[in-house]
1. Got a number for residues in segment 28-48 being within 9 Å of the chain's Cα centre (by Cα), modelled with pLDDT of 85 or more and assigned to a helix (DSSP H, G or I)?
2. Could you tell me which of the residues R9, R97, R62, R58 is over 17 Å from the mean Cα position of the chain (by Cα), on the phi < 0 side of the Ramachandran plot, among the charged types (D, E, K, R) and modelled with pLDDT of 70 or more?
3. Taking P26, is it out of contact with any His (no Cβ under 6 Å at 6 or more places or on another chain), in contact (Cβ under 8 Å) with a residue 60 or more places away in the chain and surrounded by fewer than 19 Cβ atoms within 10 Å (Cβ to Cβ)?
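The values are calculated or read from the model by the stated rules, or taken from the named source; none is laboratory data. In this text the structure is predicted, and so the values were computed from the model without any measurement. A quick note on method: Cβ atoms are made from the backbone with ideal geometry, for glycine too, and the neighbour counts reach across all protein chains shown.
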Amino acid sequence: MSESTLLLRRLVEHVLGQAQGGRELPLAMLLEQLAPVGELRRLARKFGLSPKGFRVDRAPARVLAKELADLQDGQLLDEVLGLLKPAPPASPRARPRDGEADGQRAETEALLRLREAELTRVRDELER
């Protein structure tokens with residue numbers, strides 16, 4: 001199984017497990033699983049965050065994701081949420097076969113729906 005399939009499975013299990021309790025998927029978990037650690041570190045440095053007990057350049061993804069998800073400024077959150085946008089395809093030559101493309105398209109659509117729901121929740125929370 002590929003790494004992206006395992007990540008998607010973990011997110012789906014979390015959502016399905018929490019759906020009965022009425023909870024939503026936390027932004028920190030999305031960032032931890034989907035955003036590159038280098039990008040999390042870049043934004044943490046840019047925003048002047050200092051994760052407790054870690055240097056920014058050594059902090060694990062879970063710590064950086066928690067710090068970035070706790071931001072209250074709407075513009076900063078928009079930049080953080082930009083990390084969750086799917087990357088454009090690398091090149092036309094590296095395109096997957098038709099069956100693989102359908103599976104990846106379904107994965108991407110599921111992740112986008114999750115991201116949109118979390119974005120709506122964070123914006124509502126910020127407005128409160």
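1. So the answer is 3.
2. R58
3. Details: out of contact with any His (no Cβ under 6 Å at 6 or more places or on another chain): yes; in contact (Cβ under 8 Å) with a residue 60 or more places away in the chain: yes; surrounded by fewer than 19 Cβ atoms within 10 Å (Cβ to Cβ): yes.
Judged against the criteria, P26 is a match.
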